[in-house]
Amino acid sequence: MNLTDIHCPGDLNSLRENELEALAAALRERIIQTVAENGGHLSSNLGAVELTMALLRAFHPPEDQILFDVGHQCYAYKLLTGREADFHTLRQTGGLSGFPNRDESECDLFTTGHASNAISLAVGLQRARALAGQPGHTVAVLGDGALTGGMCYEALNDAGSSNTPVIVILNDNGMSISGNVGAMSRYLTTMRLSKGWLGAKKAVSRALRRAPLGGEVLYRFFERSKDHIRNIFVNDTFFSSLGFRYLGPIDGHNVSAMERVFRRAALLNEPVLIHVVTQKGHGYTPAENSPDVFHGVSPFYVESGVVKEQQAPEFGKTAAQALIEAEQTRGDICVITAAMKDGTGFSAFDRACPGRLFDVGIAEEHAVSLAAGLARGGQRAVCAIYDTFLQRAYDQMLMDVCLQRLPVIFLLDRAGLSGPDGASHHGIFGLSYLLTMPGMRIACPVNEGQLRRMLADALSADAPTAICYPRKIPQHPLLAAADISGGYAALTEGEDAVLLCAGAIAEEGVRAAAILQAAGKSVQVAAVTQLRPLDPGLWQAVQGRPWMTLEENIRSGGFGEMLTAAAVREGVQPPLACYALPDSFPAHGERGALLKAAGLDAEGLADDILRRLKGEHT
């Protein structure tokens, strides 16, 4: 079976069982080969292959509306909905997104990347159908990690109480990125491991079919009655109490079994939750053995599973090690993360300081308010969450932390352009939303030593602190050697102009200065690492020379606009230019290409600065 034989989802309906098995193998091979070349989310996508096939045999997008939550389980869906020819461009600049993307296909209803919102979207879509008198089904496919987020329960409660006929397929593999946590995870484990029901169902079905007299009649009666019989073995009280008919658990690698249940659910005019059990990484031994490692993986060798390139040093791991050392002497540090213990580098802290790390699942709002409670109770609370995900907890940061003047430390990992993960994952709004928060101290390190000093300072502060950093520590010698004890420091010398850079983007500024030097212009590049409070010496440093700002953040409300307003208040000449990302959602692609497209790479900066200094800019 070749993937090129599948031109649209409807082609799956003509396949026999042996052809379905061959198609599943072909899908896995294509996904593995592509991710090995481009990087991407492997384990979750391998586990969802048969699920996707059954989904597209039972439902028919775009007439039936299908949503994925979270979006990193959609690769097989892309391959089977008309994007096979372009799949080799996955996560590449100008290529297919690694997440559902409404600009790629009418089969993708939303451009998504965060979690726990699909049921809400599905309820809205299904109600819109009803209001317009349109037929069809709305299906939300959830990874079980999404159920650690509170929005799911708000939507389940609404849909169940109003009897909105949405179909929720719960893809249960026991993991989100790290292992799942919380009471719901334990509940699903109980349901998943109800082997008495799974075994009894198979045994009774076989026995009734073989019965010499009336076996087929008894079998059909059993099939109609097995929901009631199931409750003897699998006693679902949670989903049914919310108004959902629970079906499952079902083998998530058995296409025929899932298809039967999906078609049955489509006939029910009521809210349905179908519990499907899959294996993360299914079909590729390295991913089966280490599903967390292969959740989001860089390019690797297929034969061994070994990553091709040596990973650069990461700010997150440095922060974790610094806090381990601090905790060993202080005894009051607590770290809170939202299903990202591994991604933020804090697995080491969890091992070294048992009982001091709290992984709350995909529940950023709860994470921040939990940190506020810990801080109010006398602990030193540290929230380690990606920049793009922390924005989900804006209200809690503002009301539960800043209003209360609590010394919570926020570590915003992946600040700046995230590269191949794209629009939903770029950490380019952090400075803008942090700068709206009264009392929030904001810092942006450029090297490992400075991050350590910032953490030590934050641990002794009596106000909230946000420390924003990209994943990788810059390796440019001037940044690595910078000894920044105040809020800013010059990295290069120059008389013609000053370029003030917010944190690690100073690496592009330094490279631009070298290009300008060759063109006969000397520009002083300074790394501003304490954005609030500003170092008062900053204004003296720019006195008498044209100055500019550079940041890896959107323009609105960011570093440049903040300094412009501050200059007006201080009676200082305004900047000659504010270099920032446009107020838009950048696509996915290699970070260097994205910087170049925005004119923020070294060459683009040098060209624009040179024209401005010559008075040629219009």
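Taking every DSSP beta bridge that has both ends in the stretch 486-613, the antiparallel portion is near 20%. With θ taken as phi - 60° and the Karplus curve 6.51 cos²θ - 1.76 cosθ + 1.60 applied, the whole-hertz 3J(HN,Hα) list for the stretch 518-523 is 5, 8, x, 10, 9, 10 Hz, x standing for glycine and proline.
Projecting label points 7 angstrom from Cα along Cα→Cβ for Asp11 and Asp103 puts them 2.7 nm apart.
Against the chain, whose longest principal axis is taken from its Cα atoms, helix 448-460 shows a tilt of about 90°.
Take every DSSP beta bridge whose two residues both sit in the stretch 315-468; close to 5 percent of them are antiparallel. Restricting the GluC sites (Glu not before Pro) of the stretch 61-117 to loop positions (DSSP other than H, G, I, E, B) with no more than 12 neighbouring Cβ atoms within 10 Å leaves Glu63, Glu106. With a/c under 1.5 counting as rounded, go ahead and sort the stretch 18-77 into rounded, prolate or oblate using the C-alpha gyration tensor (a ≥ b ≥ c being the square roots of the eigenvalues; past the cut-off, prolate if a/b is larger than b/c, else oblate). Note, shape of the stretch 18-77 comes out oblate. Listed from fewest to most Cβ neighbours within 10 Å, the set Thr4, Thr492, Thr278 follows the order Thr4, Thr492, Thr278. Taking other C-beta atoms within 10 Å as the exposure proxy, Thr89, Thr138 rank Thr89, Thr138 from fewest upward.
Under 1.5 on a/c is rounded, so check that first for the stretch 486-613, then, if it is not, pick prolate when a/b is larger than b/c and oblate when it is not; a ≥ b ≥ c are the square roots of the alpha carbon gyration tensor eigenvalues. Taking the square roots of the gyration eigenvalues as a ≥ b ≥ c, the stretch 486-613 is oblate. Extension gain for Arg376 to Gln33 (0.36 nm times residue separation, less C-alpha to C-alpha distance): 118.5 nm. Taking each of Lys521/Lys596; Lys78/Lys317; Lys280/Lys596 in turn, the alpha-carbon distance tops 26 angstrom for Lys78/Lys317; Lys280/Lys596. The amide H of Arg441, built 1.01 Å from its N in the peptide plane, has Thr465, Ala466 as neighbours under 5 Å, considering only residues 5 or more places off or on other chains. Here's the list of aspartates and glutamates a cross-link from Lys308 could span, going by alpha-carbon distance under 16 Å and ignoring same-chain residues fewer than 8 apart: Glu37. Here Asn254 and Leu131 are evaluated by their C-beta separation; at R0 = 35 Å the FRET efficiency comes out at 0.40. For the stretch 315-468, a/c is less than 1.5, where a ≥ b ≥ c are the root eigenvalues of the C-alpha gyration tensor. That puts it in the rounded class. Note that the stretch 565-579 has calculated 3J(HN,Hα) couplings of 5, 5, 4, 4, 5, 8, x, 9, 4, x, x, 6, 7, 10, 8 Hz, one per residue in order, obtained from phi through the Karplus relation 6.51 cos²θ - 1.76 cosθ + 1.60 (θ = phi - 60°); glycine and proline are x. Listed peptides 116-123, 557-564 appear in the order 116-123, 557-564 once ranked by packing, highest mean of other Cβ atoms within 10 Å at the front. With a Förster radius of 45 Å applied to the beta-carbon distance between Glu590 and Ser241, the computed FRET efficiency rounds to 0.40. The stretch between Ala25 and Ala514 holds 170.9 nm of extra length on full extension. This uses 0.36 nm per residue minus the Cα-Cα distance. Given the -39500 (n - 2.57) contribution per DSSP H run of 4+ residues, what per-residue ellipticity at 222 nm results for the chain, rounded to the nearest 500 deg cm²/dmol? Only helices count here, giving -12000 deg cm²/dmol. The length gained on full extension between Arg330 and Asp496, counted as 0.36 nm times the residue separation minus their Cα-Cα distance, comes to 55.0 nm.
Using Cβ contacts closer than 10 Å as the measure, can you line up Val306, Val261 from fewest to most?
Starting with the residue having the fewest Cβ neighbours, the order is Val306, Val261.
Read the figures in this text as sums done on the coordinates, not as results from a lab. The structure displayed is predicted, hence computed values, not measured ones. Positions of Cβ are generated from backbone atoms using ideal geometry, with glycine treated the same way; all protein chains shown enter the neighbour counts.
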